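Once you've had a glance at the structure underneath, I'll fire off some questions.
The values are calculated or read from the model by the stated rules, or taken from the named source; none is laboratory data. Just so it is clear, the model here is predicted, and its values are computed rather than measured. Positions of Cβ are generated from backbone atoms using ideal geometry, with glycine treated the same way; all protein chains shown enter the neighbour counts.
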Amino acid sequence: MKREAISALRARRGFLRGVGRAAAVAAAAAAAGPASVVRQAAAKSAPGARQAAFPTPDYDWTQHRWAFGVDATKCIGCLRCVEACKRENNVPLTAHHFRTWVERYVYLEGEDHPRIDSQQDPVNIAASGSEREYRFANRYEGAKVEKAFFVPKLCNQCTHPACVQVCPVGATYKGADGVVLIDHQYCIGCRYCVQACPYGARFFNEEKGVSDKCTWCYHRITKGLQPACVEVCPVGARIFGDRNDRQSPISLFIRNNRVQVLKPETGNEPNVFYVGVDKAVL
Amino acid sequence: MEPLIHYAPYTGWVYPNETVIEWSIAIVVYPYITGLVAGAFTVSSLYQVFGFQRLKPVAHLALLTSLCFMIFVPLPLLLHLGHPERALNNLLTPHWTSAMAMFGYFATFYIVLLMIETWFAFRPFIVEQAQTRKGLPGAAYRLLTLGSYDVSEAVLRHDRKWIFWLAIAGIPGAHGLHGYVGFVFGSLKSREWWSSDLMPVVFLFSAIISGVALLIVIYVVSCWLRRIAIDLACLKGLAYTVWGFIMVALVLEGLEFANIVYKGREGVEMIIAYVNGPLLIPYFILQFAVGAILPLMWLSYMIWRGTTGKALVAGVTVSACLVLLSVFMMRWNVVIGGQEISKTGKGLLAYHLQFFGHEGLLVAILLLLAPVATLFGLTRFFPPWEDKAA
């Protein structure tokens, strides 16, 4: 994975050096518009670690291998994680844009397939009174429920991310620490990545004109903090940590449980590990 | 002012972020126009490379049609981008693993090729006009000669050689461009409706029939506008071309659908519910029955009966219009249809077509009319008609 990401970056930088030489000649004569494009492209060729704001000065992304765990047996569907994520990451407060969400699976007596909904369902929005507030409506009151559980979902930060594969300009990329990031200053807004993600984890931010998704709160984890959703979860259903540290919560979670990943048949190799989900979820 | 976000109503279970259908009618128009380019170029190549003499009356028209539509291919994409001003990033820092990254190079290569081939094809006419016309048009033609006024037989033979090789290079160029569009969809594993190895060839053959059908319509209308007789042998040649390729297109599309149903992978129940429900009219009726099988049978009947004269013109033209509709519906059913089937395999969404807005119906219609208007203007400057051109 690391090697792939680094070689891809190297190849791009090599290409950019060539372009840069040609651009240096062209830029002298170019008008302000084209020149700014060339500047942007040249800036893109600078190694990430040397960029002023990337992302925390003393953070070394080669020293970490982040992963995420979800213990669905613990989730109570309170949706505090969704709210925290929206606030922390400035996610549009609509029912159509989520970096993380929670799914509810309910098996009623006599039915083979679960009834599934999430906080964006109109019935749930009606119960909360606003699409800016999140609640699961008590819609199965009176029904005979055989089995029910909640499943938090988020970007899987795949080892082989389809979104990174299809991005035509390399605006979305996989860091050495395993997190898939998006350069909002470089994204052209084609939405190919939104289409390619098998998990529906990406959305398009209409106001910014770029794609967006969960980054495991990259601005927090690079400072030694937990992602906002993990921080607020009252029951410890969300687990986060560094797999390079064998005693980290996530290493213990993976080691001590029989974990599963979503849609393994895609070959994406997700890095969000699940416990306590059944076949309808995968 | 229409709202920024159009959420899609849904049934069943869909992921929350799916409730905005991101690829709109603009992305339907894009492969449609690209296909018309490839198809029109096929006709030009059938004459220039394969020597189909009966297509000579439309050979230059096909080239100009291809060029006019190709000029507008990037426009729907630019209208769709969240940051169109960053579109050049695609050329400056292409991400080689992305199918879409190749677009800029393919498109640029192909536009340049079309312009050079058009220049060679019209060079004798340009030289003649440069020597006889005065004023601004004369100056424009003189500029277009690029300083080369030699139209001796030896030089023209040399030109024809260039046209031949450019046409040969253009065949993989045009078809590669369109096959790649099919790959953009077919290579995605996120949607069962798209994820198919057959998608690039399905796109390619539907492109060929749409381009030839477009040429039939343009040729018939141009003859009518110019009040000249339609070359029936040429029209028949075009009809044979559509007839032959439509069978391949139908078989491929049928195979693709049969594969999805027969393999019956996860989510197939939703696909079957979808094609029997919301997609019944756009898919089975418009794309297959009215747009493909009806013209195929009609053309077969005319070929069998040896229909000629006005009945042939009417039959072929109506069949061509139906084929154009069919291919548009095919693009619609792929692009919009794919997004209406949820990635969960457990729900369906409904696309809401806007009328206004930069990705609305009005803009889509204008995008389809713009190349035709450009062609109308360009034929004044470079008459592709046999009686006037080189």
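Which of the numbered conditions does residue A:131 fail, given that it passes all the others? Conditions: (1) within 11 Å of chain B (Cβ to nearest Cβ); (2) touching a strand residue (DSSP E or B) at 6+ places or on another chain (Cβ under 9 Å).
(2)
Rundown of residues vs (1) buried (at least 16 other Cβ atoms within 10 Å of the Cβ); (2) hydrophobic (A, V, I, L, M, F, W, C), yes/no style:
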{"position": "B:263", "(1), (2)": "no, no"}
{"position": "B:269", "(1), (2)": "no, no"}
{"position": "B:274", "(1), (2)": "yes, no"}
{"position": "B:280", "(1), (2)": "no, yes"}
{"position": "B:285", "(1), (2)": "no, yes"}
{"position": "B:294", "(1), (2)": "yes, yes"}
{"position": "B:297", "(1), (2)": "no, yes"}
{"position": "B:301", "(1), (2)": "no, no"}
{"position": "B:305", "(1), (2)": "no, no"}
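Every residue in segment A:173-188 that is more than 22 Å from residue A:63 (Cβ to Cβ) and either touching a Pro at 6+ places or on another chain (Cβ under 8 Å) or not assigned by TED's automatic domain parsing to the domain that holds residue A:216 (or both), please.
Residue satisfying the conditions is A:188 alone.
Residues in segment B:332-354: is at least one hydrophobic (A, V, I, L, M, F, W, C), in a helix (DSSP H, G or I), in contact with a Phe, Trp or Tyr (Cβ under 9 Å, 6 or more places away or on another chain) and free of Cβ contacts under 8 Å to residues at least 24 places away in the same chain?
No, the conditions are met nowhere in segment B:332-354.
Please work out which residue is farthest from the other protein chains (Cβ to nearest Cβ), limiting yourself to segment B:293-349 and to residues that are over 26 Å from the mean Cα position of the chain (by Cα) and closer than 30 Å to residue B:266 by Cβ. Before you say what the answer is, go through the steps one by one.
So in segment B:293-349, the residues over 26 Å from the mean Cα position of the chain (by Cα) come out as B:301, B:304-311, B:342-349.
Retained after the next criterion (residues that are closer than 30 Å to residue B:266 by Cβ): B:342-349.
On the way: B:342: 8, B:343: 5, B:344: 7, B:345: 10, B:346: 7, B:347: 9, B:348: 14, B:349: 11 Å.
Per the criteria, the residue is B:348.
Spot the failing condition for residue B:73; the list is (1) under 13 Å from residue B:371 (Cα atoms); (2) within 14 Å of chain A (Cβ to nearest Cβ), and only one is missed.
(2)
Sticking with this structure for a sec: Among the residues of segment A:237-282, which ones are at pLDDT below 95 and of a type in the set (Asp, Glu)?
Of everything in segment A:237-282, those that are at pLDDT below 95 and of a type in the set (Asp, Glu) turn out to be A:265, A:278.
Can you tell me which residue within segment A:197-247, out of those that are over 17 Å from residue A:92 (Cα atoms) and of a type in the set (S, T, N, Q), is surrounded by the fewest Cβ atoms within 10 Å (Cβ to Cβ)?
Among those that are over 17 Å from residue A:92 (Cα atoms) and of a type in the set (S, T, N, Q), it is A:247.
Would a scan of segment B:119-134 turn up a residue that is outside any helix (DSSP H, G or I) and in contact with a helix residue (DSSP H, G or I) (Cβ under 7 Å, 6 or more places away or on another chain)?
First, the residues of segment B:119-134 that are outside any helix (DSSP H, G or I): B:133-134.
Next, only the ones that are in contact with a helix residue (DSSP H, G or I) (Cβ under 7 Å, 6 or more places away or on another chain) stay: B:133.
Within segment B:119-134, one or more residues are outside any helix (DSSP H, G or I) and in contact with a helix residue (DSSP H, G or I) (Cβ under 7 Å, 6 or more places away or on another chain).
Right, here's the next one. Can you name the residue in segment B:266-323 that is part of a helix (DSSP H, G or I) and among the hydroxyl-bearing types (Ser, Thr, Tyr) and, of all such residues, is nearest to residue B:230 (Cα to Cα)?
B:317
Can you name the number of the only condition in (1) under 30 Å from residue A:192 (Cα atoms); (2) outside any helix (DSSP H, G or I); (3) touching a Gly at 6+ places or on another chain (Cβ under 7 Å); (4) not aromatic (Phe, Trp, Tyr) that residue B:357 fails?
Single failed check for residue B:357: (3).
Just checking, which of B:78, B:63, B:114, B:46 is assigned to a helix (DSSP H, G or I), among the aliphatic types (A, V, I, L, M), touching a Pro at 6+ places or on another chain (Cβ under 8 Å) and under 19 Å from residue B:159 (Cα atoms)?
Within the list B:78, B:63, B:114, B:46, the selection yields B:63.
If I go through segment A:91-103 residue by residue, how many of them are of a type outside the set (A, V, I, L, M) and more than 12 Å from residue B:15 (Cα to Cα)?
The first filter runs over segment A:91-103 and keeps only residues of a type outside the set (A, V, I, L, M), leaving A:92, A:94, A:96-101, A:103.
Then drop every residue that is not more than 12 Å from residue B:15 (Cα to Cα), which leaves A:92, A:94.
Matching residues across segment A:91-103 total 2.
Next question. Working carefully through the options B:35, B:39, find the one that is away from chain A (no Cβ under 14 Å), under 30 Å from residue B:320 (Cα atoms) and touching a His at 6+ places or on another chain (Cβ under 6 Å).
Exactly one of B:35, B:39 is away from chain A (no Cβ under 14 Å), under 30 Å from residue B:320 (Cα atoms) and touching a His at 6+ places or on another chain (Cβ under 6 Å), namely B:35.
Looking only at residues in segment A:204-230 that are of a type in the set (Lys, Arg) and farther than 30 Å from residue B:24 by Cβ, which one is farthest from the other protein chains (Cβ to nearest Cβ)?
As a first pass, look at segment A:204-230 and keep what is of a type in the set (Lys, Arg): A:208, A:213, A:220, A:223.
Within this subset, residues satisfying the condition of being farther than 30 Å from residue B:24 by Cβ are A:220, A:223.
On the way: A:220: 22, A:223: 27 Å.
Going through the qualifying residues, I end up with A:223.
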